[in-house]
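In what follows, a structure is listed as structure tokens, so that the remarks can point back to it.
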Ligand SMILES: [Zn+2]
Ligand SMILES: [Zn+2]
């Protein structure tokens with residue numbers, strides 16, 4: 001079916017619910033990716049309509065309307081990026097938000113990974129340390 005792109009106003013043919021033409025989508029996602037990966041500076045122009053956003057507090061769009069379009073266009077990309085980052089940060093001492101855990105948090109996490117209660121785990125650690133020290137003393 002023929003649709004009119006809500007960004008550039010050109011007509012395009014598509015068989016899904018997509019409201020934006022492939023050209024606009026490609027352009028916006030590419031620009032957005034460049035900014036996120038720091039290949040270029042944050043734009044002072046709206047990624048969607050090109051309006052100046054010097055006075056905007058938003059990151060990449062000039063208005064809530066453009067922001068909504070941007071969100072729709074970059075949803076796939078952000079999902080993928082988020083999954084990649086999560087995979088990288090699946091180390092036990094990282095939380096989902098990427099912040100480093102406290103020492104206690106790390107111990108609890110390690111205990112859980114070994115199927116122990118925190119108390120048990122600390123006892124086990126203590127024994128390990130003790131054994132190590134003994135070996136060294138010998
Ligand atoms: Zn378009
Ligand atoms: Zn805009």
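Just so it is clear, none of the values below were taken in a lab; they were calculated from the coordinates. Quantities reported herein were computed from a predicted structural model and do not represent experimental measurements. Every residue, glycine as well, gets a Cβ built from its backbone with ideal geometry; the counts of neighbours run over all protein chains shown.
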Fill in: Residue that is farthest from residue 7 (Cα to Cα) [pool: residues in the range 57-79 that are more than 20 Å from the chain's Cα centre (by Cα) and assigned to a loop (DSSP other than H, G, I, E, B)]
57
Worksheet item: Out of (1) in contact with a helix residue (DSSP H, G or I) (Cβ under 8 Å, 6 or more places away or on another chain); (2) not in a strand (DSSP E or B), what's the single condition that is false for residue 54?
Response: (1)
